[in-house]
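Colleague: Dumping the structure here so I can ask a few things about it.
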Amino acid sequence: MCFLPGVKRSRRKNQCNISSARLLLVLLPVITALSGCATYSTGFVQVESELVKQNPVKALDALEKMDHPDRDRVLYLMNKAMLLRMAGNYSESNLQFEEAKRLIQERDAISISEQTTSFIINDATRAFIGEPFEQTMVHIFSALNYLDLSQLDEARVEALQADVRLNLLNKRGGASPYKEDAFARYLSGIIFEMLGEWSNAMIAYRKAYQAYSRQNASLAVPVPVSLKHALLRLSSYLEITNEFEKFKTEFAVADWDTVAKLNENGEFILLSLNGLTPVKRESSHLLPNPGTGRLLRVSLPYYESRPLQVDSVRVIADKQEQRTETVENIDAIARVTLEARMPEITARAIARMVVKDQAARAAGEQNDWAGILTNVFNVMTERADTRSWLTLPAEIQLTRFSMPPGTYQLTLEWLDGSGNTVTTKTIDAVALKAGEKKLLSFHWLPNHLPHTRH
Amino acid sequence: MKSLISVRSTLLILLVTFLSACATEVTRMEPDEVKDLSGAWNDTDSQLVSEEMIGQLMEENWLPEFTRQKNMRPTVIVGTVRNLSHEHINVNTFVADVERALIKSGRVKFVASSGERGEIRDERKDQDVHSREDTRKPMGQEIGADFMLKGSINTIIDASGRDQVRYYQVDLTLISLADNTKVWVGQKKIKKFVERSNLRY
């Protein structure tokens, strides 16, 4: 309430508004400075700085030092699992993934209390369960961990779980462009082929092929050549003549390995997990409303890519050279997912802004200071939800090639866009048995990242 | 005024949330007590399936036939049970349950599996050097198994929204080591309907 004796209520109210507007103008720099406090992604700098030093163990220490409220536990577990995987601790990594999966299932239900809080405060007060693509990635990376541990049946479990998840996504409908994961299907096919389950492998490869074809326009990942070979190999082996002829005409691939040849030889499957996914940042608009003298603020998330210095990997085994090709563009998947969700996020932010402004108006009618404080509180708590799984790679590349049984030295050269070598790695004495499929995966992390913007 | 009430109730909600998150309650349970939490494969399934299947195994013809022909109890070894399901089932616990049910039946002899016998053989080698002669166990005296019990756990999952029908099928096969004939094939099915709420607090 404003007490100015001898002034009519209407004028008095106007004066009050002017004075509160002045006050808010004074407070504006303070609010701007304070609301620059860390969102999730800006707090991650320490972890990133250890990662660019190629030190996942120290990055893990930095992650443990970060404050993770219970609502962010899934995010913490996802990052922890990935850092443990980078450090070569696959079993421990899978324990974290399992816990994350359990929590995602539990927190997938709509929470009444969180819905209320997120409507009054901001979206980041809700429990994080990851975007659908991040949930699929849990299965992909857990499967890769099991493959590194040579536990093929357990990797198969992950392939089946990914299948259940993707089938549900397919059924769900809606505007989301992410309804299928081409690489999850491709990897499942590889796992089934490793186990000699030809029909299951064929079904998974076929689904991968359909997904790559459908998503090429938005994600710019064409059907990988190695998948074309796999489709020809299995449709021929399973005598699915129509499909085999169709693939032969469509792919026009002259030379591919038959099942019989792969039984005589062994096959190397090399995966390179390149770079880091884009970071979600906050874009805020703070506007004083001259009519009411109150401040309005809308904060929305956007993705900022982390530069990828690697174009492909050259793999040299016994003087034979192979080049990897992109099989999953996680950077693009993240972007199209956010793009599709933006109308919903924006609508919620605007609705919240209106509710917050009404609350400040109502408080201001009772007491000027209450109005100002409510407005300041509302403006400061208006933050974008910038939580995302930041230790995911930006893209996954792969190459498959057959070699006669023997022991090989493998040289991997990560190349930039102009063909210059960025990093080299040599692996000595890799034994390959007849009929074996040896899958090896490597994380490639950039050696610098641009300064984090606040 | 309205807004003050809503601010107050929000604070109350937050306070209740914090307080309710503090309480952890632990209740001891009997091992045979059934409690399904997530609908996933659990110890009860493992015990029920193994006991019922070994019960079936003992009822079948192959056992009296073998005893009549050879005039002795058959020796069985447990091979691999593959997990082909949608879950990371601990197959070792299931195998242990199967072994326990086999021993309990008392109608077959039962030898250590390939995983376990390595350690026994090492110990025997060690005895050869370090043990007194009258207590030393000689090598080459192991009993060769007549049959191997192998199997798999499979699942079919039908999911819609947050509800699932989980269908488990456990197959066990007893194979004669002499000629690869399958003398017994057993199957046990479990079906669960898992309903999960769309809302939480």
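No value in this document is a laboratory result; all are computed from the given coordinates. None of the values given here were measured: they were computed from a predicted structure. Quick reminder, even Gly has a Cβ in these numbers, built from the backbone with ideal geometry, and neighbours come from all protein chains shown.
Colleague: In segment A:174-213, with Lys and Arg counted as +1 and Asp and Glu as -1 at Cβ, which of these residues, A:Asn200, A:Ser188, A:Ser176, has the Cα nearest the positive end of the dipole, that is, farthest along it?
Modeller: Comparing the listed Cα positions along the dipole, A:Ser176 ranks first.
Colleague: Could you bin all the Cα-Cα distances of the protein assembly as shown into 20 Å bins starting at 0 and give me the percent of pairs in each, rounded to whole numbers?
Modeller: It works out to 15, 40, 30, 12, 3, 0, in whole percents.
Colleague: Based on DSSP H runs of at least 4 residues, each adding -39500 (n - 2.57), what is the mean residue ellipticity at 222 nm of chain A after dividing by all its residues, to the nearest 500 deg cm²/dmol?
Modeller: Working: 15 runs with 239 residues, N = 454.
That calculation yields -17500 deg cm²/dmol at 222 nm.
Colleague: For segment A:331-412, what percent of Cα pairs sit more than 21 Å apart? Intermediate results must be reported in sequence, preceding the final value.
Modeller: Working: 1994 of 3321 pairs.
In whole percent, the long-distance tail amounts to 60.
Colleague: Per the Kirkwood definition applied to all pairs of different Cα atoms, how many angstroms is the hydrodynamic radius of segment A:130-256? Provide the component values of the computation, followed by the final result.
Modeller: On the way: mean 1/r = 0.0662 Å⁻¹.
Taking the inverse mean of 1/r over all distinct Cα pairs, segment A:130-256 comes out at 15.1 Å.
Colleague: In chain A, with Lys and Arg counted as +1 and Asp and Glu as -1 at Cβ, which of these residues, A:Gln320, A:Gly130, A:Ala394, has the Cα nearest the positive end of the dipole, that is, farthest along it?
Modeller: Selected residue: A:Gly130.
Colleague: Which angle between 0 and 90 degrees, to the nearest 10, do you get for helix A:152-172 versus the longest principal axis of chain A when only C-alpha atoms count?
Modeller: 50 degrees
Colleague: Next question, about the same structure. What do you get for trypsin sites (Lys or Arg not before Pro) in segment A:377-454 restricted to DSSP loop and a cutoff of at most 12 other Cβ within 10 Å of the site's Cβ?
Modeller: Numbers: sites: A:Arg383, A:Arg387, A:Arg400, A:Lys425, A:Lys433, A:Lys437, A:Lys438, A:Arg453; in loops: A:Arg383, A:Arg387, A:Lys433, A:Arg453.
Passing sites in segment A:377-454 are A:Lys433, A:Arg453.
Colleague: Taking the Cα centre of chain A as the origin and placing charges on Cβ (Lys, Arg +1; Asp, Glu -1), which of A:Thr423, A:Leu147, A:Leu270 is farthest toward the positive end of the dipole?
Modeller: My answer, from the dipole projection, is A:Thr423.
Colleague: Give me Rg over Rh for segment B:41-194, both radii from the alpha carbons and Rh done the Kirkwood way, two decimal places. Each step should come with its number before you reach the end.
Modeller: Numbers: Rg = 18.8 Å, Rh = 17.5 Å.
Across segment B:41-194, the Cα-based Rg/Rh ratio is 1.07.
Colleague: Sticking with this structure for a sec: Suppose every K and R has +1 on its Cβ and every D and E has -1 on its Cβ; what is the size of the dipole of segment A:199-323 about the Cα centre, in Debye to the nearest 20?
Modeller: Values: 16 positive and 13 negative charges, 154 e Å.
Dipole of segment A:199-323, to the nearest 20 debye: 740 debye.
Colleague: Only Lys, Arg, Asp and Glu count, each charged at its Cβ (+1, +1, -1, -1), so figure out the dipole size of segment A:238-302 about its Cα centre, rounded to 20 debye. All intermediate terms of the calculation are to be shown ahead of the outcome.
Modeller: Numbers: 7 positive and 9 negative charges, 214 e Å.
I would put it at about 1020 debye.
Colleague: Dipole of segment A:52-115, Cα-centred, from +1 at each Lys and Arg C-beta and -1 at each Asp and Glu C-beta, to the nearest 20 debye? Walk me through the numbers on the way to the answer.
Modeller: Numbers: 10 positive and 11 negative charges, 58 e Å.
So the dipole magnitude of segment A:52-115 works out to roughly 280 debye.
Colleague: For segment B:93-103, in order, what is each residue's ³J(HN,Hα) by Karplus, 6.51 cos²θ - 1.76 cosθ + 1.60 with θ = phi - 60°, in whole Hz (x at glycine and Pro)?
Modeller: Along segment B:93-103, the couplings run 5, 5, 4, 4, 5, 5, 4, 4, 5, 5, 5 Hz.
Colleague: While we're here: State the volume of the convex hull built on the alpha-carbon positions of segment A:253-410, expressed per residue in Å³ and rounded to an integer.
Modeller: Working: hull volume 25.2 nm³, N = 158.
Cα-based convex hull of segment A:253-410, divided per residue, equals 159 Å³.
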